[in-house]
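These notes concern the structure reproduced below.
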Amino acid sequence: MGETNMDMIKITIDNKVVEVAKGTTILKAAKDNNINIPTLCYFELAGMDIVNKPGSCRICVVEVEGRRNLAPACITECTPDMVIKTNTTRVLNARRTVLELLLSDHPSDCLVCPKSGDCELQNLAIRFGIREINYVGEQSTYKQDDSPSIHRDMNKCIMCRRCEMMCNEFQTVGALSAINRGFTAVVSPAFEEDLTLTSCTFCGQCVAVCPVGALSEINHTGKVLRALNDPTKTVVVQTAPAVRVAIGEEFGMAPGTIATGQMATALRKLGFDYVFDTDWSADLTIMEEGTELLNRLKKFLAGDKDVKIPLMTSCCPAWVNFFEHNFPDMLDIPSTAKSPQQMFGAMAKSYFAEKKNIKREDMVVVSVMPCLAKKYECSRDEFKVNGNPDVDYSITTRELASLIKLANIDFAALPESKFDDPLGESTGAGVIFGTTGGVIEAAVRTAYEIHTGKKCPKIDFEELRGLEGIRSATIDFDGLPINIGIAHGLKNARKLLEEIREGKSKFHAIEIMACPGGCIDGGGQPRHHGNSEIIKARWNAIYEADKNLPIRKSHENPSIIQLYKEYLGEPCGEKSHHLLHTHYFNKHNVFEVDLNKK
Amino acid sequence: MAKVKIKLRQEHIDIIKSICKKFDYKPGELINVLHQVQGEIGYLPAEVQELIAEELKIPVSKVFGVVSFYSFFTMQPKGKHPISVCMGTACYVRGAESILDEFQRVLKIGVGETTPDGKFSLTSLRCIGACGLAPVAMIGDKVYGRLCPDDVKKIIAEYND
Ligand code: SF4
Ligand code: SF4
Ligand code: SF4
Ligand code: FES
Ligand code: FES
C-alpha cells in the first residue's frame, strides 16, 4: 500500500475514488466496484476467448465529466482522473429512450415467448419499470425458420450480433451474417435461406448467447409428454453426462451441484418406464473408439502407409457436421464410432428391446442432452431402421427442467435414486465425456490397459484437463509415446485439421468438441448469460462426479462386459460394426458447369 | 441435407475466377471483386456469390451481407430495357412516386426486379440532372420527361413489339 503503480490509474465513479488498471473499461471498473451498469449487445465469456462488443446498442451509456456526449461504458476505457457518473437523470433518460426504441420494434408477446423469464430485454424492461412504449412505428417482419435443431424468429432480433460472433469467430462456420441495412437489417444466412440449407453445424452456440427470443431450440416436450401418456409405448430415457451437473441451476441450486440422483427420481416421476444413462453408452463408445484407435496404431507402427493417423473422436455431432461441410477430403480421419446418444439408441432398440421382448415400434427412446446438434443427429436417415429412428426425441437440459416444473415436481426436495439396469450402469470414464478432454482421457484409461496388458499406473490424467482452446500432451503407453491433441471450439478444430491436411500433425489421437468447455456449455444447457464461473463450476463437478464413482474405467463396466459377452461379441467385431459404427457424407457445395444454361 | 449443386456457365466461372485471382483472393477486396464481377456479368445471383465465397475462402453469408447492404449490387439480371425512374427532389415534388407506382403496376414487378420475360427491369435513382424536365424516367439511354402516369403504358408499348 502507499506505492504508486505505473499501471494503475485513479478514477472517480459515482463519487467514489477508485484505482483501476490501465486499459480497464468503464463497465469493468464499475462492476469491480459493485455498480451494475446494464448491457445488451456486449457479451463476454471470460477465459474462453469469446467477446462481442460492437458498442452499438448504447444501453450502457454513462456521463463522463468534460465530454459532451454520453459514453458507452462497454467500449470506453478509463483514463487518468476520469470522473464518471452512471446514474444521473440524463443517463437514465438516455437509457430509457434506447430501451423504448428497441421495444417499439419488438413484438410484445413475452407471455408466449420461449425466452420468457430468461430474456435480457425483458429483464431490462422490468428493471426500467416500462409500463408503456412511447414510440410507435412500423415493426419489421421476417419469415420464421425451423431447422431440426433451431427455431429462428427474427422479428425478435435486436441486432446485438452476438450470434454472428459465435458462428463466425468462435466456430468459423459463417452460417450467419448481418445483412441489409437500416430498418431491414438483421442477422441471417446467405440469401435469407433457411438454416438447413447452409453449412450450419447446429452447435447451438448462437442460441446459447442470444439475449432474446430470436433464437431458440426446437421444442419436443409436447411429443415426449404424448409418448409418456400413450399406454402402448414403452418410453426409455437416457441422460447425457453434462446434464446432471447443470440441471440443478434451473431449480435454484448452486452451479456445479451434482444432481444425478434427483434427476433419476424426477424422470421416474415423469413416467419414463426405464431411466437409463448415456454414460453407459459413453463407456461403450470407449470400447469401440479405443479399439479402433489401437487397431489403427498397430498398422501405423507396422509401417502401413494407408492407415489414417491421427484418429479423431466422433462423439460431437456438431463437429461431425463441421467436417462433412468443410473437410470433405478428410472423411476417413474421424473414428467411425457413433456418438454415445446414437449407440444408446441402437442398443436400446436391439439388445434391450429383444431382452424385454418389446417391438421396435412400441419403444420410444428419449434423450436428454446439453446439446442442440443431437436433435439434428437423431433425425439423420442413417440412424433409422425402416424409418423408425434409434432415438425418437432429443430434448435439452432446459426442456427437461420445464417438463419437471410442469409436472409439479419439487426437484430440489427429491430423494436421490439410481439409474435402472443394465443400460444405466456406468463408470467415471463415462461422466467425463461431458467436458473437453474427457473423451480422450476415458479412451487413454482403457487403451493403455488393453494395449499394454498392464494396469495403468494412474487414473487422473491432469495433463489432458483444462479449458484452453487447444491442448496437447504425450502419454507414455509403457514405452510407447502417444501424442494427444484436444480442441474445443470449431475454430480450434479447424486449425488441427489444417495441420493434418498439410501433413504437419504430430498427433496420434485428437479429441474435438464444438462448444466452449465441451458439452458442459452446450447449446441446450441452462443459460449462463456470460458468467464463465458457472461453466467452471460445472467443469469441476464433472471431475468430482468421476471421482465419486467406484469404477472409473470403461472396460471395467460390468454391464458393458456382459453386453459383449451376450450380444455383441467383440469390440469392432461384425455385429458392433453394423450397430455401433457409421459413415460420413460430403456436404460441401459442388460447382458444376451447366451446359444448358444460357 | 444433400450436397448443393451450383450450376454456372463455364465462361462465367472463368471470369469470376480470374477476377478473384486478380485481387489476390484477398477477403478485404470483396467489394472490388463484386463490383467487377457485376460489371462483367451484369448481376450477382446466388451461384455467383457462392463461387466468390469459395474462391476468397470466406462464408457466403458474408458475401451476401455485403451484396444486400449496398443498393448498387443486384441479384437480378437487368432487363433488356432497364427502366430507371428519377426520385430526386425536383422529380419527387412533381409526382415521381406516382410514375414509379404506375411502372410497377403495369409491369407487375417491384423496384429492383425484372419481368419474367427478361424484357424490363425497374430501378429508381437520384437526380439525373434533367430537373427542368421533371418528372423524368430513362429507358436504356433514352430520357422521357414531363411524365404523367398515363404516359407509362404508351412508353412501354414502344418497346413491346
Ligand atoms: S448453430 Fe452453430 S453453426 Fe449453426 S448458426 Fe448457430 S452458431 Fe452457427
Ligand atoms: S438473433 Fe439474437 S443474438 Fe443474433 S443478433 Fe439477433 S438478438 Fe442478437
Ligand atoms: S460439444 Fe457437446 S453439446 Fe456441444 S455440440 Fe458437441 S456434443 Fe453437443
Ligand atoms: S452494451 Fe454497451 S453499447 Fe451495447
Ligand atoms: S430531380 Fe429528377 S432529374 Fe433532377
- prompt: Which one of A:C160, A:C200 is surrounded by 24 or more Cβ atoms within 10 Å (Cβ to Cβ) and within 16 Å of ligand 3 (Cβ to nearest atom)?
  reply: A:C200
message: It is to be established whether one or more residues within the range A:130-152 are more than 30 Å from A:K491 (Cβ to Cβ) and part of a helix (DSSP H, G or I).
response: no
- request: Being closer than 25 Å to B:L34 by Cα and among the aliphatic types (A, V, I, L, M) is the filter; apply it to the range B:69-108 and report the residue that is nearest to ligand 1 (Cβ to nearest atom).
  value: B:M75
message: With the requirement that a residue be part of a helix (DSSP H, G or I) and among the β-branched types (V, I, T), what does the range A:336-367 give you?
response: none
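Across the range A:170-196, which residue is nearest to the chain's Cα centre (by Cα) among those that are of a type in the set (S, T, Y) and facing another protein chain (nearest Cβ under 7 Å)?
Keep residues of the range A:170-196 that are of a type in the set (S, T, Y), which gives A:172, A:177, A:184, A:188, A:196.
With the extra rule that they be facing another protein chain (nearest Cβ under 7 Å), the set shrinks to A:177, A:196.
Details: A:S177: 21, A:T196: 19 Å.
The qualifying residue nearest to the chain's Cα centre (by Cα) is A:T196.
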- line: Looking across the range B:49-59 at residues that are at the interface with chain A (Cβ under 8 Å from one of its Cβ atoms) and under 20 Å from the mean Cα position of the chain (by Cα), the single one that is surrounded by the fewest Cβ atoms within 10 Å (Cβ to Cβ) is B:E50
query: Do you know which of the residues in the range A:358-377 that are within 16 Å of ligand 1 (Cβ to nearest atom) and of a type outside the set (D, E, K, R) is nearest to the other protein chains (Cβ to nearest Cβ)?
result: A:Y376
query: Can you name the number of the only condition in (1) closer than 30 Å to A:M159 by Cβ; (2) away from ligand 5 (no atom under 16 Å from the Cβ); (3) not in a loop (DSSP other than H, G, I, E, B) that B:K154 fails?
result: (1)
- prompt: Looking at the range A:166-197, which of its residues are among the aliphatic types (A, V, I, L, M), assigned to a loop (DSSP other than H, G, I, E, B), buried (at least 24 other Cβ atoms within 10 Å of the Cβ) and out of contact with any strand residue (DSSP E or B) (no Cβ under 6 Å at 6 or more places or on another chain)?
  reply: A:V173, A:A175
message: If I filter the range A:502-523 for residues that are over 24 Å from the mean Cα position of the chain (by Cα), over 23 Å from A:C203 (Cα atoms) and among the basic types (K, R), do I get at least one hit?
response: yes
- prompt: Quick one: would you say B:E102 is part of a helix (DSSP H, G or I), more than 14 Å from chain A (Cβ to nearest Cβ) and surrounded by 14 or more Cβ atoms within 10 Å (Cβ to Cβ)?
  reply: yes
query: Applying the selection to the range A:570-590, what residues are of a type in the set (D, E, K, R) and either buried (at least 18 other Cβ atoms within 10 Å of the Cβ) or within 14 Å of chain B (Cβ to nearest Cβ) (or both)?
result: A:K587
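Only the coordinates and a few stated rules stand behind these numbers; no lab work does. Just so it is clear, the model here is predicted, and its values are computed rather than measured. Glycine gets a Cβ as well: all are built from the backbone with ideal geometry, and neighbour counts include every protein chain shown.
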